[in-house]
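To start, the structure itself, in structure tokens.
Only the coordinates and a few stated rules stand behind these numbers; no lab work does. Quick caveat: nothing in here was measured; it's all calculated off a predicted structure. Reconstructed Cβ throughout: ideal geometry from the backbone, glycine too, with neighbour counts over all protein chains shown.
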């Protein structure tokens, strides 16, 4: 968790989560509401999503691939049926 790779991936995930939340809040339940959009609410929602993403990455650090915020082990393995 104390590596540059971990934090680079964590920040990337947080930015993606913030953008996704901002788009979701902009779209709303009834389509795009650009003229009634509250910028403070939008910013707080995006910030909240980013913080939750960072906390999730930190909680995931002990699992999966070392130095990665992922729960999934991404170390490549040989396909089934290929001799070692």
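What do you get for the angle between helix 39-60 and the principal long axis of the chain? Use alpha-carbon atoms, 0 to 90 degrees, nearest ten. Around 20 degrees separate the two axes. Principal axis extents of the C-alpha atoms in the range 1-69 (largest first, rounded to whole Å): 45, 18, 15. I'd like the FRET efficiency for residue 74 and residue 26, computed as 1/(1 + (r/R0)^6) with the beta carbon distance as r and R0 of 25 Å, rounded to 0.05. In this case the efficiency is close to 0.20.
So, R0 is 22 Å and r is the distance between the beta-carbons of residue 47 and residue 3; what FRET efficiency does that work out to, to 0.05? Efficiency for this residue pair is about 0.30.
The angle between the Cα long axis of helix 4-27 and the main principal axis of the chain comes to about 30°, on a 0 to 90 degree scale. Only helices enter this figure: runs of n ≥ 4 DSSP H residues, each worth -39500 (n - 2.57), summed and divided by the residues of the chain, yield -19000 deg cm²/dmol at 222 nm to the nearest 500.
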